[in-house]
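Here the structure comes first, spelled out in structure tokens, and everything after it is commentary.
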Amino acid sequence: MFELLYKDLGRMEYLAALALQERLVELKQCESSPDILLFVEHPHVYTLGRGGNESNVLAPEEVPVYRTSRGGDVTYHGRGQLVAYPIIDLRSKLRKDVHRYLRNLEMTAIRTLEDFGLAGIRRPPFTGIWIGDRKIAAIGVAVRRCITYHGLALNVNTDLGYFKRIIPCGLSWAEVTSMARELGAEPDQREVRDSFLHHFADLFGYSEVKESHFAEDGRWRIEDRDPPSSILHPQVS
């Protein structure tokens with residue numbers, strides 16, 4: 001039986017959520033435990049991937065900018081965005097390699113959009129999910145000793161104005177969109193989350209899905225997280 005735990009962290013600062021991911025990765029490397037899918041909404045923040053170009057951060061102003069260990073270039077996180085961080089073991093026979101993991105993650109977003117009447121597509125060689133020429137979901141992952149972290153950000157009811165302060169994903173020609181913009185109305189964030197969870201579990205082959213209460217576990221309390229990782233650099237603004 002393959003079990004998936006999920007946890008909606010609500011609104012959490014980016015660095016705190018990253019520290020929590022890194023702690024969970026460490027724990028998962030040390031002992032056998034179910035895979036975990038974290039949902040979170042971040043306060044305004046810009047993040048740069050490992051090889052991201054700082055020149056793509058145009059005018060962050062009051063918004064903090066952090067360099068992280070994920071792939072990809074610069075992106076924005078903020079209110080009205082569904083951010084999903086899978087902490088899963090790629091050694092499982094269900095998820096044989098990083099390529100398959102990424103394809104399943106993309107398809108999870110595509111099927112979620114389909115549930116709301118939107119036709120999301122891939123646009124190789126570019127990452128993420130698109131509606132025509134408009135990018136609606138960004139993907140940037142990292143893998144540490146076969147355990148994944150970082151993940152996907154789907155624009156649900158996001159204020160798209162913040163993307164104008166950067167060159168999103170380093171693609172000057174690309175427009176950014178949201179579900180609200182495409183639908184002409186704001187979808188319910190919880191319904192979008194539940195749809196994503198359903199398709200994630202189906203595509204990755206989990207037979208059981210449970211809400212996690214690890215925050216109440218003495219070893220896994222968010223309050224006990226380690227300090228921000230050294231991979232985080234000072235703001236580039």
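Since every read-out is calculated from the coordinates, none of them should be taken as a lab result. Since this is a predicted model, take the numbers as computed values, not measurements. Positions of Cβ are backbone-derived with ideal geometry, glycine not excepted, and every protein chain shown enters the neighbour counts.
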Checking the structure you have, find out if any residue of the stretch 56-63 is touching a Phe, Trp or Tyr at 6+ places or on another chain (Cβ under 9 Å), assigned to a loop (DSSP other than H, G, I, E, B), β-branched (Val, Ile, Thr) and crowded, with 16+ Cβ neighbours inside 10 Å. yes
From the option list 176, 98, 143, single residue qualifying as in contact with a Pro (Cβ under 8 Å, 6 or more places away or on another chain) and either over 20 Å from residue 53 (Cα atoms) or among the hydrophobic types (A, V, I, L, M, F, W, C) (or both) is 176
Kindly indicate whether residue 99 is out of contact with any Cys (no Cβ under 6 Å at 6 or more places or on another chain) and not in a strand (DSSP E or B). yes
Looking at the stretch 174-208, which of the residues that are of a type in the set (S, T, N, Q) and not in a helix (DSSP H, G or I) is farthest from the chain's Cα centre (by Cα)? 207
State which residue is farthest from residue 45 (Cα to Cα) when the search covers only the stretch 158-173 and only residues that are in a loop (DSSP other than H, G, I, E, B) and either aromatic (Phe, Trp, Tyr) or touching a helix residue (DSSP H, G or I) at 6+ places or on another chain (Cβ under 7 Å) (or both). 173
Mind checking which residues of the stretch 103-157 are in a strand (DSSP E or B), without any contact (Cβ under 8 Å) to a residue 12 or more places away in the chain and surrounded by fewer than 17 Cβ atoms within 10 Å (Cβ to Cβ)? 121, 123
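Okay, residues lined up against (1) under 25 Å from residue 202 (Cβ atoms); (2) out of contact with any strand residue (DSSP E or B) (no Cβ under 7 Å at 6 or more places or on another chain):
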site: 26; (1), (2): no, yes
site: 29; (1), (2): no, no
site: 41; (1), (2): yes, no
site: 45; (1), (2): no, no
site: 53; (1), (2): no, yes
site: 75; (1), (2): no, no
site: 89; (1), (2): yes, no
site: 120; (1), (2): yes, no
